[in-house]
1. What is the extension gain from R9 to Q233, computed as 0.36 nm multiplied by their sequence separation minus the C-alpha to C-alpha distance, in nm to one decimal?
2. Just to verify a number: what accessible area does D195 come out at with the full protein assembly present, 1.4 Å probe, Å² rounded to tens?
3. Compare G84, G323, G265 in a GNM of the chain, Cα atoms joined below 10 Å, and give the one with the largest fluctuation.
4. Using only the alpha-carbon atoms, how far is helix 232-247 inclined from the longest principal axis of the chain? Give it as 0 to 90 degrees, nearest 10.
5. Averaging the inverse of every distinct alpha carbon separation and then flipping it gives the Kirkwood radius. What is it for the stretch 231-355, in angstrom units?
6. Using only DSSP helix segments of four residues or longer, with each worth -39500 (n - 2.57), what per-residue ellipticity at 222 nm results for the chain after dividing by its residue count and rounding to 500?
7. Rank S321, S346 by accessible area, highest first, at a 1.4 Å probe radius?
8. Would you work out what percent of the accessible area of the chain, with all protein chains in place, is carbon or sulfur (probe 1.4 Å)?
Amino acid sequence: MNRFLAAERTLRTAAPHQLPDALRDVLCDHYAAGSVELLMADYGLTVLQPVSALPDTPQPVRVHSSPEGRAFGAQEPFVEERGGEDVRAHLPVTVRGDRLGVLSVALPAAACDKETLAELADIAEVLGHEVLVAERDTDLYLRARRKDRLTLAAEMQWQLLPGRSCSRREYELGAQLEPAYAIFGDNFDWSAGADRLSLYITNGMGEGIEASLLTHLGINALRNARRAGISLQDQAALADQAIHAHYRGDSHLSVLMVELELSTGRMRVIDAGSPRMLRLRGRTVEHVGFEAQLPLGMFEETDYLVQEIQAQPGDRMLFVSDGVHGGAGPGGQPYGERALAKAITSTRLLPATEVPRAVLRELSGHRDGPGPEDDALVVCLDWHGPPAASH
């Protein structure tokens, strides 16, 4: 059995909470590793937290000013020279575009050749898959994702999300919620199939647990309808009925529903509330407006209409909640579309996974006061084109 297969087999057979220890043992035995450490990205994407059993908690490292963060941001292996006979290889731990963290391995410099680095990168990918499976049975990795305690509402919202990024040949998705540790009703959901990508941007009214419960009901009603294979307008109608049946019109859920046909780039959209869409095409940013329709749950039976637009290869689309475009600055001045357009233009060279966090940093600089008064959600979708066009 070669050393890569030994590492892969070890990860697949290790107990869920013992993945880092099991991997450390096999890398020390077969790759002459001096140390092995798994670091998970926190919910705010500001630090990488070492995975360890409490109370042994090593210090986190910054995403934006560390060798580990360089590998995480670039999504490529980075070898850190240490001024001696050893080097440290930092390898992104990513599953289908969803960036989980970094695997850091200390090696003798002579042992860190191109072939070894490629094998370690593959091992980091296997580790990412095993971590996602292991999270069903242990809190170890979820605990490592938080640098502060989550509010209960935030805990509920993060558990509802599909991930923070996703990529395929046709597109790349990235998303971020702020404030990460105290979010209320903003949420996003996506599902990719062979022929289409479904994307929902939601904003539940209210605060705290009530907002989170409303969002949970709405998202699960939309998922239930989508998984039944029914049309976009019927998904909206069934979710509308489910929310109204429970709240009788006292609470409602704003949602922007998008269905992207992967073979053509055709987008079918229902605009039922406050989330907005902006598009960067070439160097031009424009707000893409749709016919405004009622939020889900306002009335007992509402019919929803689908509008269509055509995406072009190279388009970048940003979906933002009202906590972004309406974020208050000095003197109560909203952030607005002009500032948003500037932020989108200034981040045009970043990958889609990095854009939401960068835009939210711009928003944070605009705000008046120490913290936001509302959730802020940014989802970035880069459309590369149909399979033939995205080679």
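1. 76.0 nm
2. Ignoring ligands and nucleic acids, D195 comes out at about 80 Å².
3. Between G84, G323, G265, it is G84 that shows the largest mean-square fluctuation.
4. Here the helix axis deviates by roughly 80 degrees.
5. In the stretch 231-355 this quantity evaluates to 16.0 Å.
6. Value at 222 nm, helices only: -10500 deg cm²/dmol.
7. Heavy-atom accessible area, descending, gives S346, S321.
8. 48 percent
The values are calculated or read from the model by the stated rules, or taken from the named source; none is laboratory data. It should be emphasised that the depicted structure is a prediction, and the values quoted were computed from it without experimental measurement. Every residue, glycine as well, gets a Cβ built from its backbone with ideal geometry; the counts of neighbours run over all protein chains shown. We work out accessible area using only protein heavy atoms, side chains counted, and drop any ligands, DNA or RNA first. Shrake-Rupley method; radii C 1.70, N 1.55, O 1.52, S 1.80 Å.
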